[in-house]
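To start, the structure under review is shown below, and the notes come after it.
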Amino acid sequence: MAVTIDPIHQFELKPLVSLGHIGHQQLAFTQSALYMFAAVGVIALITIVATASRSVVPGRMQALAEIFYEFIADTVHQATGDGGKRFLPLVFSLFMFVLVLNLFGMIPYAFAVTSHLIITFGLAALVISTVVIFGVMKHGTHFFGLFVPSGVPKPLLAILVPIEVISFISRPISLSVRLFANMLAGHIAMKIFAFFVVQLLLAGAWSVLSPLPLFLTIALTALEFLVAALQAYVFATLTAIYLNDALHPGH
């Protein structure tokens, strides 16, 4: 009997606890929400354990936490300068949240939360909302000078200002799609190659080339761990760059 492969099935949301209905729309606590709560719990536990002793000579957990913290602190400082320190808790929290969720998705049979566009778009919307709200609160209407390039002849502003506005609006889209697409494509590829390995084992078709899908699956898994960490870093870096516009809106 032929076995079919469905690489999309792994991304299906499944309600764990029903919370009622709004019209014809069901409200439910899904496995996606469960993994997000678990990610927050893991991050909180690591942070509490790492900072409990605060030793001059740090232990392994404290040293690991300090490495991550200093790494993100340097990233924020390079992107925003000294004024960006106020955003460090936000950027660090987003980095750790995305990183832990990405790593959760690498566990066999686990759910990849960041492979859902609505989740990544929600995080990106949080970043852009922070930029706009803080920028307006700090600079008032001068914040909107972000859309007016300096030194440009006035006749060209009618063309450049809409381009700048569209570019700004596209930021949460590109920020969310980048993370979503990388995680989605990686998990689909791993599913397909793993299916090939199983099919070869079931068929007993061992030859010189038959172990190739297994080696490719192992290599792809290692690559996905790298992508999981890299995408968390890219998300944090772009967040810091976008937050710089809230601090320095002038071109």
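One residue stands out among those in segment 79-124 that are over 19 Å from Ala229 (Cα atoms) and within 12 Å of the chain's Cα centre (by Cα): the one that is surrounded by the fewest Cβ atoms within 10 Å (Cβ to Cβ), which is Ile118. Out of all the residues in segment 2-21, which are farther than 22 Å from Phe196 by Cβ, of a type in the set (A, V, I, L, M) and either in a loop (DSSP other than H, G, I, E, B) or modelled with pLDDT under 80 (or both)? Within segment 2-21, Leu13, Leu19 qualify.
The conditions of being of a type outside the set (Lys, Arg), closer than 25 Å to Phe92 by Cα, assigned to a helix (DSSP H, G or I) and open to solvent by 30 Å² or more (accessible area, probe 1.4 Å) are met by Leu238.
Among residues of segment 51-80 that are under 17 Å from Ile241 (Cα atoms), those with a Cβ under 6 angstrom from a residue that is open to solvent by 50 Å² or more (accessible area, probe 1.4 Å) and part of a helix (DSSP H, G or I), sequence gap 6+ or separate chain, pair up as Ala79/Ile241. Within 30 Å of Lys138 (Cα to Cα), assigned to a helix (DSSP H, G or I), modelled with pLDDT under 95 and small (Gly, Ala, Ser) - does that describe any residue in segment 62-69? Checked against the condition, which is being within 30 Å of Lys138 (Cα to Cα), assigned to a helix (DSSP H, G or I), modelled with pLDDT under 95 and small (Gly, Ala, Ser), segment 62-69 yields no hits at all.
Candidates are the residues of segment 125-139 that are within 12 Å of Leu247 (Cα to Cα) and not aliphatic (A, V, I, L, M); the one that is surrounded by the fewest Cβ atoms within 10 Å (Cβ to Cβ) is Lys138.
One residue stands out in segment 146-174 among those that are of a type outside the set (A, V, I, L, M), surrounded by 14 or more Cβ atoms within 10 Å (Cβ to Cβ) and over 22 Å from Ala236 (Cα atoms): the one that is modelled with the highest pLDDT, namely Glu164.
Within segment 158-195, the set of residues being among the aliphatic types (A, V, I, L, M) and over 20 Å from Leu123 (Cβ atoms) comprises Ala158, Ile159, Leu160, Val161, Ile163, Val165, Ile166, Ile188, Ala189, Met190, Ile192, Ala194.
The values are calculated or read from the model by the stated rules, or taken from the named source; none is laboratory data. All values derive from a computational prediction rather than experimental measurement. Don't worry about glycine lacking a Cβ; one is built from the backbone with ideal geometry, like all the others, and counts go over all protein chains shown. With ligands, DNA and RNA removed, areas are computed over all heavy atoms of the protein, side chains included. Shrake-Rupley method; radii C 1.70, N 1.55, O 1.52, S 1.80 Å.
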